[in-house]
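A short worksheet on the structure shown next.
The values are calculated or read from the model by the stated rules, or taken from the named source; none is laboratory data. The model shown is predicted, which means the values in this text are computed figures rather than measured ones. When we count neighbours, we look across all protein chains shown, and the Cβ atoms used for this are built from the backbone with ideal geometry, even at glycine. We work out accessible area using only protein heavy atoms, side chains counted, and drop any ligands, DNA or RNA first. Shrake-Rupley method; radii C 1.70, N 1.55, O 1.52, S 1.80 Å.
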Amino acid sequence: MDHFLYRNGALYAEDVAIADIAAAVGTPFYVYSTATLTRHFQLFDEALGFADHLVCFAMKSLSNIAVLRVLAQAGAGMDVVSGGEYLRAKAAGVPGDRIVFSGVGKTADEMRMALQGGIRQFNVESEPEMVALDAVARSLGKIAPITLRINPDVDAKTHAKIATGKSENKFGIPISRAREVYALAATLKGLKVVGIDVHIGSQLTELAPFEAAYAKVAELTEVLRADGHQITRLDLGGGLGIPYERSNAAPPLPSDYGAMIERTLGHLGCEIEIEPGRLISGNAGLMVSQVIYVKSGEDRDFLILDGAMNDLIRPAMYDAWHDIIPVVEPAPGTEPARYDIVGPVCESGDTFAKAREVAPMQPGDLVAFRSAGAYGAVMASEYNSRPLIPEVLVHGDQFAVIRKRPSYEEMIARDSLPEWLD
Ligand SMILES: *Cc1c(COP(=O)(O)O)cnc(C)c1O
């Protein structure tokens, strides 16, 4: 559920009319709902009520510091995958002991930054990374708390670009080698093993692959404990999917997910961490865009928007579906029209939807892409020299720009001419 609803024929974000935001900031833009972000976090927090736990928001899905502040105030920790994300979490006021550091290629500089600034744990993904972290920690006179990310070799049954839990993927340590690598970890004086980490992919729409992975984690926990390791924390990753298409069956709820975790892992007495991204941020955001032209082609009509693939790349990158709805609610009984909905970028891949049925549109009309909060703004670029679009946060009847649209001058000023071309 979210807080983007029609009221008296106009689309609202909480108590703010989308058209009012468009008038204030121009199009295209992203808008996020505070109430939706908070509610989604709370669903996970409640679902894990059976154990000591921390819900660490996977901030790669949406990393604006205002959004992070909302979630941190609600009690969330953060899952970060780079030094930049670590510093954003800190800038949002998240304490180090609520930040977990994931990612397959942490550099020594990033490790140093996190060890000096405070970190809950590193999720280590390989032996070379483990050895490097040990050296960095010892050079600082510190001990780095770690889990090892285990690749459980299960099929997440999701889009190939976001499946991470099969042995052919680059992520984690093969489960068949786990005992050996934990034994090595125990010999390294700069590290303290605290648990096990697993993350099998994103946009999972069934619980079965999670359950298969977590059953392997349960078994491994017993084996490692018998080997003498202290396994007190299980980080179960993120990946629960959202309903991008309203007409499809809804994926499992956080409460179902929590009940399954309790069933498969509850008996171990471990602290539980999860790292949801998309399910917290996805349906908490819209991208709003304006129709520039309605163009009639040979056999189809095109809706040409001012938003493009550089602003929201998911359709081009993952063949993703986004519901696209008019900001003015169509009158009851309006016959839909059918359009290919596209942006102005010079690539055929700049197509948001093909043969999509929506209410008939005119130039100047506003449309909203639903479920655009996750992997939207964070993946935007300035391709075609289109400045990054602004982000807006709504809270009740208030709204604020939380990242402004750069001017053309600001965009161009980031380039510089070498002396010899002056
Ligand atoms: C991407 C990622 C997540 C979040 O995935 P969602 O599908 O957005 O929930 C969590 N943990 C790790 C390690 C990730 O790489």
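Observations on the model:
- Failed item, numbered, when residue 334 is tested on (1) under 26 Å from the mean Cα position of the chain (by Cα); (2) of a type in the set (Val, Ile, Thr); (3) more than 16 Å from the ligand (Cβ to nearest atom): (1)
- Helices (runs of 4 or more DSSP H) fully within the stretch 1-74 that include at least 1 residues being under 21 Å from the mean Cα position of the chain (by Cα), acidic (Asp, Glu) and under 30 Å from residue 197 (Cα atoms): 34-47.
- Boolean, residue 219 is farther than 30 Å from residue 314 by Cβ, of a type in the set (Asp, Glu) and either touching a residue at least 60 places away in the same chain (Cβ under 8 Å) or more than 16 Å from the ligand (Cβ to nearest atom) (or both): yes
- Residue among 375, 383 that alone is open to solvent by 10 Å² or more (accessible area, probe 1.4 Å) and more than 25 Å from residue 242 (Cα to Cα): 383
- Scanning the stretch 157-178 for residues that are of a type in the set (D, E, K, R) and without any contact (Cβ under 8 Å) to a residue 12 or more places away in the chain returns 168, 177.
For (1) among the aliphatic types (A, V, I, L, M); (2) in a loop (DSSP other than H, G, I, E, B), each residue gets a yes or a no:
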{"residue": "179", "(1), (2)": "no, no"}
{"residue": "193", "(1), (2)": "yes, no"}
{"residue": "211", "(1), (2)": "no, no"}
{"residue": "216", "(1), (2)": "no, no"}
{"residue": "237", "(1), (2)": "no, yes"}
{"residue": "247", "(1), (2)": "no, yes"}
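- Verdict on residue 148 being assigned by TED's automatic domain parsing to the domain that holds residue 59, within 16 Å of the ligand (Cβ to nearest atom), in contact (Cβ under 8 Å) with a residue 40 or more places away in the chain and open to solvent by less than 40 Å² (accessible area, probe 1.4 Å): yes
- Of the residues screened, residue 283 is not one that is surrounded by fewer than 17 Cβ atoms within 10 Å (Cβ to Cβ) and under 26 Å from residue 209 (Cα atoms).
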